[in-house]
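Engineer: My questions will all concern the structure given below.
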Amino acid sequence: MYATRDTMAGHWCWFFMIFGQLSFCLYAQNPIEEKTTFEAAFQGRCGHGSPCEQLCYELHDGMYECDCRDGYILHKNGYSCAELNSTSPSTSELSELMNDIENDELNPDPEDEDSMEDILYMRGATFTIHLESPRNDTNISSTDREDANEILDQDKNLPTPQLPNLEQKLPSTTENVLSTEPACSLDCGSGGNCYIERYRSEDEEDLEGNGVTARQIQGSFRQRCQCPLGRSGDRCQLESEVRSPRFTGSGWLAFPALRAAYKHVQLELEFRPEAWDGVLLLAGERDDLQGDFMALILHHGFIELRFDCGSGVGIVRSSETVKLNEWNTLTVYRHRWDAWIQLNQGKRVQGRSKGLFSRITFREPLFVGGPGNTTGLERLSVRSGFRGCVRHLEANEHRYRFPLAPQGDAANGFDVEECTADRCSKVPCSHGGKCLTTGGDTAVCLCPLGYTGDLCETRVDLQVPSFNGSSYLRYPGLADTSLSWLELAVTLKPTAPDGVVLYNGHHSDATGDFIALYLSAGHVQFTFDLGTGPATLRSETPVRLGEWLEVRVSRTGRLASLEVEDDPPQEILAPGAFTQLSLPLNLYLGGAPTPDMYSPKMKTTASFIGCIQTVILNGREVGILAEALGGVNVGNCGHACEARPCGDAECRPLRERFTCRCRPGVPHPCPAPDYTSLTPSPPRPDPSAPARYEKSVPSFSGSESYLHYSDADTMKRIISYRVDINMRFRASSSSGLLLWSGRQPDPQEQRDANDDFLALGLDQGYLTLAYNLGSGEAVLRYNLTRLDDDLWHRVRAVRNKQWASLVVDSGTGVSASSPGQLRQLNTDTGLYVGGAPDIVRTTGGRYIKGIVGCISDLVLDSDYSVALLSPEQATNTHSCIP
């Protein structure tokens, strides 16, 4: 059975007159009588039992419908077809078609979207519209006239008989190339194009990142040949055959325009992407993308289907990202307004285009791998071409052959080469290893954790990981755990002067916030970006290859420091006003799956070669192997721990040496390590040499033990409407003063209860912030974490006018507000750190002693580090023992 749908009358009708060509006249009139149209929709599936005379299309809702081949028109019974004279339609055919148009298009039922079907046009007919001025009781906009004129001038069934122009259009360089661009002088042979590419050095990228436009930068240029399909070589001098194309990002293949696809498209694609963005497929009505179109796009790793039937773009986006450097399968189904896509046999994602019209005119070529000669790409989310391989493309049961016609289906193409990824079919990687093609004719296996060998056939007992340049380990990202501060310590032994040690980013397209620790030309570098531009720290001297070293990074707000071994720390302030760091993507150690993940602001994209022994993040040691989510090509470093010297206990590497740590359930004492039989004895340390941390961290005894500052740089940040305090400390006392700034007591007069002050300290193990701006005291207590455990903690105290907040160790924040209307702190005692003189009198009895412990960092307003080693006054302070 099929359903009938009532269609309400509209305000307009079309009049047909045949005299050499068809002319239409649109005018206003009173509502006409209600008419009924029929639209067949059958339950079930296409097959021998369906009544369809010619074509059958299955709908995704368990229904199917019939259609007719070119030159035929579907009868109102919904399944039979009548031949349509393509050159001179009969009067009866025109009369029948006019009734269909009047009912289906000009008088749609506003309550029934399915009744809004496009006008069916006849082959070879020429249409002209003459629009009369509307009467006063009508409302026809200029947009309506333009839409009607454009739609009636189209053939909605077939592409134009005239062959499209497939001439390669070179990318416009108007915005990025200076007037000094050299002339292109290469002889690229018949059909090849001499193409000028502009590339930027690292210094130029830094300039552009600081607001200097490309027009202000003297760029560098290089010439190369864009070879047509079937040719290759530096000058396109070689013949080549492309059966499975690989696209470089600037190339494409062109096939004849899609036929019989105006209403229904079912497409299957198998591709292997090498980048997160690019145009996979594009077909449409016009070469400026102003009419109907359909496009498949890779955007930030997600597949997007964009299609416009003439009255609005519909977008369907995959719920998962593609797999880089692996083969992906994609199924696309579109029937009129509705569409769905399915990536890698996963979840089907559905969508719908906008507006009245439901058919797409395909006149332009079908471009694969790039936008071809299409302009107007601002309608797409991506303008660059696809980078990667395609080995299967099928549309409406036609499987495309990629060579040039007549051997294949391609009409043209540029910058396309043969894909070599299928070499992996001859490399059977074991134990879940992944095959990766390299330069030349070779392929290698990327082995999962715990396996090694050419085919990942050998199991290894990993102790201290080594990285060979194609290795990496993957961990959960820092996310929001390092918004305001970051502490990082890495012990490593590099054997190559360049390589990424650690990387964590924000976006898969390498934009946004990131942190990167890497080696460049033998120097340790740390680069980070808070969203307003990168900042880079670089060690003064290059490291010694083949030797263990420790790298320490500290960041508080915009301020960061880098310390390599015992070299003096380097400091830098990030540009801009942003102070927080958000890193939702995975953290990578030793490398990454693809260099495209790295920010272009880094000085290298090479993977690390060497060993990484320990990683400490925000005071917590990361289980390098135990906590890894995955990794490839990770081997053993050749450390003493590989011999299992601790038996059932855990062997903990300490550079060339090791210690043993008992695991739960192992009887004590742990086996004693025998250093001499396993590694050469290290040189004895000089007993008179100070400990490594003694020179940089003061400790406080709790009684008349403090540092004092009254310099302008410190006090202008304390005495203000706003202050942001970041502090790292450890304490063994349950109560004690950390910071104080207040008013000098007057012995002659009673002290005013509303004197301004700000105090930060511990009370029964919990952090407390108290302040008075002159109109009442506010006390804020952080009851979520005790801090008297003699472990390092990081706290942040922020006061913004009356409001204040506390955060401990990136936990949940708490806030409070002071009474009254006063908003500024006015103190005159300077800033006391760790305690205060005559503390009971100075603090008005709020504290009776200072803190017992150490303070390693104190940063104000995210950009000013208080010099703990150079106070104006230091009383009873000592060096902190780690």
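Engineer: Within region 467-515, restricting attention to residues that are of a type in the set (D, E, K, R) and outside any strand (DSSP E or B), which residue is surrounded by the most Cβ atoms within 10 Å (Cβ to Cβ)? Let's see the steps before the verdict.
Structural biologist: Let us first name the residues in region 467-515 that are of a type in the set (D, E, K, R), namely 474, 480, 487, 493, 498, 509, 513.
This time we only want the ones that are outside any strand (DSSP E or B), so: 480, 498, 509, 513.
On the way: 480: 13, 498: 19, 509: 16, 513: 22.
Across region 467-515, the extreme among qualifying residues is 513.
Engineer: Further question: If the requirement is being at pLDDT below 85, under 30 Å from residue 583 (Cα atoms) and in contact with a Gly (Cβ under 9 Å, 6 or more places away or on another chain), which of these qualifies: 456, 447, 435?
Structural biologist: 447
Engineer: Any idea which of (1) more than 23 Å from residue 764 (Cβ to Cβ); (2) part of a strand (DSSP E or B); (3) out of contact with any Leu (no Cβ under 7 Å at 6 or more places or on another chain) is the one residue 881 doesn't satisfy?
Structural biologist: (2)
To keep it simple, each residue is scored yes or no on (1) under 26 Å from residue 407 (Cβ atoms); (2) surrounded by fewer than 22 Cβ atoms within 10 Å (Cβ to Cβ); (3) not basic (Lys, Arg).
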position	(1), (2), (3)
255	yes, no, yes
258	yes, no, yes
262	no, no, yes
270	yes, yes, yes
277	no, no, yes
282	yes, no, yes
289	no, yes, yes
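Engineer: Which residues, counting only those in region 552-586, are among the β-branched types (Val, Ile, Thr) and under 28 Å from the mean Cα position of the chain (by Cα)?
Structural biologist: Residues satisfying the conditions are 553, 556, 572, 579.
Engineer: Let me ask another. Cβ-Cβ under 6 Å, sequence separation 6+ or interchain: first residue in region 550-568 and within 21 Å of residue 654 (Cβ to Cβ), partner part of a strand (DSSP E or B) and among the basic types (Lys, Arg). Which pairs?
Structural biologist: If the second residue must be part of a strand (DSSP E or B) and among the basic types (Lys, Arg), the pairs left are 563/552.
Engineer: Considering each residue of region 848-880, count those that are at negative phi, of a type outside the set (Lys, Arg) and more than 47 Å from the chain's Cα centre (by Cα), and give that number.
Structural biologist: 8
Engineer: Return the only residue of 369, 346, 351, 388 being small (Gly, Ala, Ser), surrounded by fewer than 16 Cβ atoms within 10 Å (Cβ to Cβ) and either within 28 Å of residue 320 (Cβ to Cβ) or modelled with pLDDT under 85 (or both).
Structural biologist: Details: 369 fails: surrounded by fewer than 16 Cβ atoms within 10 Å (Cβ to Cβ); 351 fails: surrounded by fewer than 16 Cβ atoms within 10 Å (Cβ to Cβ); 388 fails: surrounded by fewer than 16 Cβ atoms within 10 Å (Cβ to Cβ).
Result: 346 is the single residue among 369, 346, 351, 388 that is small (Gly, Ala, Ser), surrounded by fewer than 16 Cβ atoms within 10 Å (Cβ to Cβ) and either within 28 Å of residue 320 (Cβ to Cβ) or modelled with pLDDT under 85 (or both).
Engineer: To continue, here is another question. For residue 290, indicate whether it is out of contact with any strand residue (DSSP E or B) (no Cβ under 6 Å at 6 or more places or on another chain), more than 21 Å from residue 277 (Cα to Cα) and in the same structural domain as residue 397 (by TED's automatic domain parsing).
Structural biologist: Judged against the criteria, residue 290 is a match.
The values are calculated or read from the model by the stated rules, or taken from the named source; none is laboratory data. The shown structure was predicted, so the numbers you read here are calculated from the model rather than taken from an experiment. Every residue, glycine as well, gets a Cβ built from its backbone with ideal geometry; the counts of neighbours run over all protein chains shown.
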